[in-house]
């Protein structure tokens, strides 16, 4: 049993819940303070066992019926997920949207009408996540059991990713005429000028000596995986892009790999940028891949099987299937790092190593961007610009040299003492006329009248 105060239909109501039944009393004056005072008195009566007023309430003031939401959030978001997001988003993005919905968005907004969700509500959810407060008690849709969520404060990036599908859904609701006004989830975590910018995490990478040690350990102790690790270091491919390589993607004559696919969560999709690209093939990697192809053909011939086709995977497991990235990450990668005597780094850091080694040998950022497949060179500069050797010092040296050259160059046009009263240079030839009038003839040009 409990007593609660609610505002509905423009009036304040006091609700009493008893034995799964609801009793209500309307406060006609519409005063919240009065409603809460009545609630306190009723709580005291119930504590004394006085319940005679409940039936009187039920007869005189029936509880107001709850209006059915025109666009309940739960159903609307699910429909948006299955229609737009499933069609236009990658599988990994769709999975992230569902994760955010089940763990945070649905427990926060439930079946509330879209029109009832305000910017204050969305900001409160964002601030609660930043503070480590988790909304509601979500249920895992597959197991039908309470979902597991990590406690603790969430980062700004995590909260932004959580609110991203909510903002996108409201954009479509506005376009379809199902929501009026501005998007309540738009730029909720907009950074203010006075707020300090967090330090951007710089990519971790191996030195050339460490990378060589890693390749040596792979060749001597993990010979099966040596071509795979060499490919990651010599091309900078994402692990999903390397796993999805097929023999038809190798162009030995042209000296490049055609990166056309990406393996994410066991599903083939496009590369992260959405576009195919060509990556230069080093001579060493080309030789190693050619040996792998030769051994693969010999093994197939010995078994009486057909030779590898263009659509076959380059890198396979023991059973000839595509490499499982999680299996490699758990069972092979830690052991390989231990054999090489290296610190614990991610497989993705080999991609950063590829970029850093190119930059250290003075390759242009434009070339690095092309090989890495970044959608914009701004991303390349933000991530690897600090690695450009002596870039800042060379820039200021060029500036100093330009200033020295300008200081030794004879001035063009009239000298500064012959500028007009507004600091402008005279028109071409006008200063020659003035010199002719002043010096040979002794006639001074007329000046403007000065007014005080």
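Only the coordinates and a few stated rules stand behind these numbers; no lab work does. For clarity, every value in this text was computed on a predicted model and none was experimentally measured. When we count neighbours, we look across all protein chains shown, and the Cβ atoms used for this are built from the backbone with ideal geometry, even at glycine.
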Report summary line: Relative contact order in percent for region 311-386 (Cα pairs under 8 Å, 6+ apart) equals 15 percent
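Provide 89, 231 in ascending order of the number of other Cβ atoms located within 10 Å of each residue's Cβ, fewest first.
So the residues, fewest neighbours to most, are 89, 231.
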Report summary line: The simple spin-label model distance between residue 346 and residue 130, using points 7 Å out along Cα→Cβ, in nm, is 2.4 nm
Report task. Within 10 Å of each residue's Cβ, count the other Cβ atoms and sort 127, 77 from fewest upward. Result -> 127, 77
**Report entry** Contour excess over end-to-end distance, with Cα ends at residue 112 and residue 258 and 0.36 nm allotted per residue
**Finding:** 47.7 nm
Query raised in the report: Along the Cα-to-C-beta direction of residue 311, a point sits 7 Å from the Cα; which residues of region 219-251 have their amide N less than 18 Å from that point?
Result: 244-250
Report summary line: Put in order of increasing Cβ neighbours within 10 Å, starting from the fewest, 4, 154 give 4, 154
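Once you have the Cα-Cα distance between residue 175 and residue 330, take 0.36 nm times their residue separation minus that, and quote the gain in nm to one decimal.
Separation in residues times 0.36 nm, less the Cα-Cα distance, equals 51.3 nm.
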**Report entry** Using a Förster distance of 51 Å, the FRET efficiency for residue 301-residue 400 (Cβ separation, nearest 0.05)
**Finding:** 0.15
Query raised in the report: Once the piece of chain linking residue 290 and residue 98 is laid out straight, how much longer is it, given 0.36 nm per residue of separation minus the C-alpha distance between them?
Result: 64.8 nm
**Report entry** Per-pair calculated FRET efficiency, R0 = 41 Å: residue 155 and residue 7 via Cβ, rounded to 0.05
**Finding:** 0.70
Query raised in the report: To the nearest 0.05, what FRET efficiency results for residue 363 and residue 74 with a Förster distance of 45 Å applied to their C-beta separation?
Result: 0.30
